[in-house]
1. What spacing in nm lies between the two simple spin-label points modelled at residue 446 and residue 607, each 7 Å away from Cα in the Cβ direction?
2. With a cap of 15 neighbouring Cβ atoms within 10 Å, and only residues DSSP puts in a loop, list the trypsin sites (Lys or Arg not before Pro) found in region 442-479.
3. Under a 1.4 Å probe, what is the accessible area of region 7-144 per residue, stated in Å²?
4. Figure the gain on full extension for residue 342 and residue 706 (residue separation times 0.36 nm, minus the Cα-Cα span) and round it to one decimal in nm.
5. If you wrap a convex hull around the C-alpha atoms of region 241-397 and split its volume per residue, what is the figure in Å³?
6. Non-local amide H neighbours of residue 754 (under 5 Å, H modeled in plane, Pro and chain starts lacking H): which ones?
7. Relative contact order of region 214-306: what whole-number percent is it, with Cα pairs under 8 angstrom and at least 6 residues apart?
8. I'd like the carbon and sulfur percentage of the solvent accessible area for the chain, probe radius 1.4 Å, heavy atoms only, ligands and nucleic acids excluded.
Amino acid sequence: MLDVREAFLAFFESKQHNRVASSPLVPDDATLLFTNAGMVPFKSIFTGDIPIPANPRATSAQTCIRAGGKHNDLENVGHTARHHTFFEMLGNFSFGDYFKEEAIAYAWEFVTEVMKLPKEKLWVTVHESDDEAEEIWKKHIAADRIMRMGDKDNFWQMGDTGPCGPCSEIFIDQGAEHFSGPEDYMGGDGDRFLEIWNLVFMQYEKKVKDGPLIPLPKPSIDTGMGLERATAVLEGVTSNYDSSLFMPIIRKVEALIGKPYVYATGASYRVIADHIRTVTFLLAQGTNFSNEGRGYVLRRILRRAVRHGYLLGFTKPFMFEVADTVAEVMGKQYPYIIEKLSVLKEQMMLEEERFFKTIQSGIELFNEELKNTQEVFSGEVAFKLYDTFGFPLDLTEDMLREKNMSLDVERFERLMDEQRRRAKAAWKGSGDAHIEGDFKALLETFGVNTFIGYGYTKAPVKVQALLSESFERVDQLHASQRGWVLLEETPFYAESGGQCGDTGVLGERASVLDTKKFHGLNLSHIETSSTISVGETVEAIVDPLRNEIAKHHSATHLLHAALYEILGDHISQAGSLVEHNRLRFDFSHPKAMSREEIALVEERVNHHIFHALEGLTREMSIDDAKKLGAKAQFGEKYGDTVRVVNFGTASVEFCGGIHVDNTASIGTFIILKESGVSSGVRRIEAVCGNAAYNVFKQQRHLLESVEVSVKNRDVLAGIERLKEQVKTLKHDMAALASSVKEELAVTMMGSTAVVVAELGAGDIKERIDELKNQHDSVAVILFQIKEDKVLIAAGAKNTAVKAGDWIKAVAPILGGGGGGRSDFAQAGGRDASKLGEAKEAALAYVTAELGA
């Protein structure tokens, strides 16, 4: 089979063209993100910025990328037969030397004599105004195979100003047997007629935008033939991806995943096959993964490939293995790929590992939102999955289909459109807008930082990034400023699994106020004492209170085990909080614990503490951990490898937190309170360690105060004596009240005795009972002011008046409410100033009810 690349270059060398090596993918041009066309290396010659070389003819096979900025084919890759992020452009160039006559003749000779494409399948187009080109073409091809097209298809310009001119394109008919759609005609938008070569005739110049076309004194030629298209045509396949340039790569992916490639459903294979070429070449040429410009585009391309690998079923790095096949296919032409292969594979693998972690974070966000979803999944969250975690919409939709849920696509598309507008507005030639100060940028730049706090509470660490209070990246934080720091390695534990975040200091530079996790990043909230800068090494020292946190965390595990043992195997954790001076543990249980149960649980935990059980932490597979009977912590997400914490055989749990080495370190455990959180969920609040000692101190001080108050070191005896004194006083007061009872005015309404009155002293309910005993038919409502409140009580006997309704009618006037039975009801009011009004209303009510 013909080597199209070599044949093309050799052909034009035979036509006195200099063979020019492919220029770097990163051009020496501030207006371009990547080399995106074959003419880019010659741009300065075409614009006249540098002199025409001694030989005004050149030919090249230029590697190109279109994956960011203005020229961006990224979203089409894999879904069409011919879009690529990376491609090679075969070109021949004339700098003021030959023009249309020779350019057309050379092109026709190459496609018909060298590539041997059937003439009867070839068509050409010319600009609608280019009579000269049409006449030249008629020397080579029948007039009825020449079509005139407008500016949209057949006029080329470098920019709003500069060199420009009409162009002529060569097409091949791929056959009606392959393409029979309504657009599959010459000039239509279908794929039957495929453009394989574009000849640009640079004969004009624009001095100003929308200005006149000024003829150039020495017109030039710039042509471009895509190697991928030309190879596919020569090999008789209708998709570039079915050619020998791509199929070995696809076969490698197929072998790695163990699933057969089928074209109709194989978009993910094609995305990977395209993107691995881009990533391999950029890395080999020295572009590195970063969070801005070209490095950010490189990262996005790798991420997109990894996402599609994830769709195929990959759960660990694989792209670095596919790079071997790229080297096999293209290493002969570009030997630097082979030279750099081991290094770029390592770079690729590390970046893949980082992104597979990000994918998991995205799945966690997806699952969290799923809990809040009834039928339609949030388009906003889907966009966040796409934008922050790199989840393609189809991956989110696939996961939702498994749950029989739909997606708010309209909202997603709206947010996507907004992002595209922002990106377009921000593009200045340096690539995608720099993402500064958000978690995505930090993840892309540094990945998840390393926690070293299991083994160290003090360590020299590098400041990787600083952020303001609003999480905007800054180079420095000055004295007395608050912000956030990302340390390359950190001994500070980030709030997780119920355990609070660590505090401490960064030498004498800053106080660490808290530590939290944001999308897997361990960030410490700091307040500076002096200026701190990115790149510095500081001494990170965890506050000694960490020891107390560890005690409470380990005590939580022992508490969980004791509850399980004493209350039953229905116990499961429903939440927890672990701080230096307290712990809170929520668990499933249908009823309040008895005093005896609380005492037994407390006793059991202390039993484990006093028996000095060794704390052992190990990492193992999740299956092995489950075989050990390890309990999962609430709200935690677990990967294939988990950390398991044991205290003898008393407690075995999955846990990533900080713990004591021996239960004896916990000291003493005290349950302070047991209460209900919600139906079926109970809560225990407890303390241990230094906090338990503080409870003992408080209790001792309280006991001493009580001894003084009751004037007896035996406080129970003292309290009993006081109770007897209170009982005697109550009896004396009752006797006194009986001897000076207040007279209440009684009004007869028919046969019913009615009382509406304020009672100054005495028991309000007792007086109502007395009135009921004194009358056969009675309706009574009494008010009594107690400090700033009003007590209200009503009673009824053998009457049409219902006490409960009466209370409901009157109590609101006093700013209160209440009710009760028809024979007795009571209420309270907050506004004593309305007492007169309330009494009037009460009288009016009873009068109306009795018809008096």
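1. 4.8 nm
2. Working: sites: 458, 462, 473; in loops: none.
Here no loop site has a sparse enough neighbourhood.
3. On a per-residue basis, region 7-144 sits at 41 Å².
4. 123.2 nm
5. Details: hull volume 17.6 nm³, N = 157.
Taking only Cα atoms, region 241-397 has a hull volume of 112 Å³ per residue.
6. 747, 748, 749, 779
7. The value is 17 percent.
8. 50 percent
The values are calculated or read from the model by the stated rules, or taken from the named source; none is laboratory data. What you see is a predicted model; the values in this text were computed from it and never measured. Every residue, glycine among them, receives a Cβ derived from its backbone with ideal geometry; neighbour counts consider all protein chains shown. Areas reflect the complete protein model, heavy atoms only, side chains present, ligands, DNA and RNA absent. Shrake-Rupley method; radii C 1.70, N 1.55, O 1.52, S 1.80 Å.
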